[in-house]
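Asks: What follows is a single structure, and I will ask about it in a moment.
The values are calculated or read from the model by the stated rules, or taken from the named source; none is laboratory data. All figures in this text were calculated on a predicted structure; none of them were measured in a lab. Positions of Cβ are backbone-derived with ideal geometry, glycine not excepted, and every protein chain shown enters the neighbour counts.
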Amino acid sequence: MAKLKIATVTLNPAIDRTVSIPNFKAGAVNRVEREQSDAGGKGVNVASVLADYGLAVAVTGFLGEENTLIFERLFAQKKIEDRFVRIAGRTRTGIKIIDEITQETTDLNFPGQAPTSDNVAQLFQIVEELTADCQWFVLAGSLPAGVSPEIYGELVTLIKSKGRAVALDTSGPALHQALPAGPSLIKPNNFELQEYVGRPLESQAAIIFAAQALLAEGIETVVVSMGAQGAIFVAADEIVSAKPPQVVVKSTVGAGDAMVSGTVAGKAQGLSLAECARLGTAFSVSAISQVGSGLPSPEMVEQFKQQVVIHQLN
């Protein structure tokens, strides 16, 4: 078995039920063109992409024991090591309505099952065990009912105490409380960064200034995603912007998760910040060019990678 490189933690996974409705209208009768269900949740999406890229991956978090099959099939198919804690009840379903005509996605997110204190203790034990083999951890997504927003900070502290790097992709109180623990990498979108600093960020300079302030808290890399405008990658000694090529948007589901995947994959391979930005942006473009998680063919990813425009900003 290949040596494990990366682990992802998904505390609030979901079964993503995606329905395609051209010209979707709220408050009206809509006809579904097609639908599909995928094992999802931000950390699961990240793991799926990393496995497609050829890296060894382990996954953990909380899964409702009544509907695990769709997740177990994905993990078996992609040779992902399943270390999820099974909890009572069902994993939530999230409904995503995609309109390929307007290129808009509407999300209906349900709450997740609440893990017990024993479930949480088991999770921490598994994460500690995974630090033996995994150089990087990705903590991603929202929190299930009843879980303290302090949990991400506690997990970051545990992982860093073992000399491992950790990427964090969350928002709200969970992000606020985890930042003092100093995750290695965070990826807020522009709105989440504005929410954190408490003021509008209406220029590139303002975004960079806010990201640099986060570096002072012990974070090594801040990636600010801005949708079709691309992303800004900020580290202590380098700042770059990455602009994606224009593609037909089939679904925006998982675009941010794919950017995290590519950036962490680049970091794990020791690539420069600019090359991490190129890879993360290519992964993100790959995500919006298809419905469902994972990567398209290596040839298509390479094609997108060559079309990403990188600018040094310092």
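Asks: Somewhere in segment 44-63, is a residue in contact with a Lys or Arg (Cβ under 9 Å, 6 or more places away or on another chain), surrounded by 18 or more Cβ atoms within 10 Å (Cβ to Cβ), of a type outside the set (S, T, Y) and in a loop (DSSP other than H, G, I, E, B)?
Replies: Yes - at least one qualifying residue is present in segment 44-63.
Asks: Related question: Is it the case, given these coordinates, that K25 is surrounded by fewer than 24 Cβ atoms within 10 Å (Cβ to Cβ), under 28 Å from T131 (Cα atoms) and either over 17 Å from the mean Cα position of the chain (by Cα) or modelled with pLDDT of 95 or more (or both)?
Replies: no
Asks: Among the residues that make up segment 90-100, is at least one of them in a loop (DSSP other than H, G, I, E, B), hydrophobic (A, V, I, L, M, F, W, C), surrounded by fewer than 21 Cβ atoms within 10 Å (Cβ to Cβ) and out of contact with any helix residue (DSSP H, G or I) (no Cβ under 7 Å at 6 or more places or on another chain)?
Replies: no
Asks: While we're looking at this one, here's another question. Would you please name the residue that is surrounded by the most Cβ atoms within 10 Å (Cβ to Cβ), looking only at residues in segment 215-250 that are in contact with a Leu (Cβ under 7 Å, 6 or more places away or on another chain) and not β-branched (V, I, T)?
Replies: F233
Asks: Next up: Only one of K187, K160 is closer than 19 Å to G254 by Cα, touching a Ser or Thr at 6+ places or on another chain (Cβ under 9 Å) and modelled with pLDDT of 95 or more; which?
Replies: It is K187.
Asks: Moving on. For segment 29-77, which positions are among the hydrophobic types (A, V, I, L, M, F, W, C) and farther than 21 Å from S286 by Cα?
Replies: V29, V32, A58, V59, F62, L63, L69, I70, F71, A76
Asks: Right, next: Can you tell me how many residues in segment 138-173 are assigned to a helix (DSSP H, G or I), crowded, with 21+ Cβ neighbours inside 10 Å and among the small types (G, A, S)?
Replies: Count: 1.
Asks: Which of the residues that make up segment 284-300 are crowded, with 22+ Cβ neighbours inside 10 Å, more than 20 Å from Q77 (Cα to Cα) and touching a Ser or Thr at 6+ places or on another chain (Cβ under 9 Å)?
Replies: S284, I288
Asks: Of the conditions (1) of a type outside the set (G, A, S); (2) over 17 Å from the mean Cα position of the chain (by Cα); (3) farther than 23 Å from T263 by Cβ, D133 clears all except one; give me its number.
Replies: The number of the failed condition is (3).
Asks: What about K250, is it among the charged types (D, E, K, R) and not in a helix (DSSP H, G or I)?
Replies: Yes, satisfied.
Asks: Give the residue that is farthest from P111 (Cα to Cα), with candidates limited to residues of segment 11-35 that are among the small types (G, A, S) and in a loop (DSSP other than H, G, I, E, B).
Replies: Going through the qualifying residues, I end up with A28.
Asks: So in segment 7-22, with the set limited to residues that are of a type in the set (V, I, T) and within 23 Å of the chain's Cα centre (by Cα), which one is surrounded by the fewest Cβ atoms within 10 Å (Cβ to Cβ)?
Replies: V19
Asks: Of all residues in segment 192-210, which are surrounded by 14 or more Cβ atoms within 10 Å (Cβ to Cβ), hydrophobic (A, V, I, L, M, F, W, C) and without any contact (Cβ under 8 Å) to a residue 24 or more places away in the chain?
Replies: V197, L201, A206, A210
Asks: Sticking with this one: Can you give me the number of residues within segment 101-131 that are surrounded by fewer than 14 Cβ atoms within 10 Å (Cβ to Cβ), at pLDDT 95 or above and assigned to a loop (DSSP other than H, G, I, E, B)?
Replies: Here the count works out to 1.
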